[in-house]
Amino acid sequence: MIIVDDRLCVEALAGRPITGSSPATVVATTWGFHFRLLRALADDRTIGALTRATPDDIRRGAANPSPGLLFVLDPRPSTAIAAEVAVRHGLNLLASEMVAAAKLHSARVVLSAANVGRRWREVLDAEGISLHVV
């Protein structure tokens, strides 16, 4: 399993392979990244990189993606881990949820370069989680 950010969710929903994954790899995202994707797609007032690059068919399928394309992780099993990680590293909700999900599912994290937080490499390394940036 790999955990991807909102930008790479669009790639997965389009059926495009994610760099660093194989066809058998489960592509998943956290609730936080899924929310950010849906918020960006729902806001017609702001045209950003995600909204410009997302065709209508992908927009329609983004809220309830086919698990064969993108699996949205339930945050409940990893919430206690996320809280511990947040305290240990001083992370916000998005980052702590990502780290906790990766720990719980023994997953790699694959992020677009624009979404890598200042300390995320350091934190993921400290937590023993592999990070691949595309």
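Where a number appears in this text, it was derived from the coordinates with a stated rule and is not lab data. Remember, it's a predicted structure, so these values are computed and weren't measured experimentally. Don't worry about glycine lacking a Cβ; one is built from the backbone with ideal geometry, like all the others, and counts go over all protein chains shown.
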Legend entry - the chain: equivalent-ellipsoid semi-axes (sqrt of 5 x gyration tensor eigenvalues, Cα, Å): 24, 16, 14
Inset, instruction - Taking the Cα centre of the chain as origin, sum charge times position over the Cβ atoms of Lys and Arg (+1) and Asp and Glu (-1), and report the length of that vector in debye to the nearest 20. - result: 140 debye
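Is it possible to state the helix-based mean residue ellipticity at 222 nm for the chain, with each DSSP H run of 4+ residues giving -39500 (n - 2.57), the sum divided by total residues, to the nearest 500 deg cm²/dmol? What is it?
Details: 7 runs with 62 residues, N = 134.
Calculated mean residue ellipticity at 222 nm is -13000 deg cm²/dmol.
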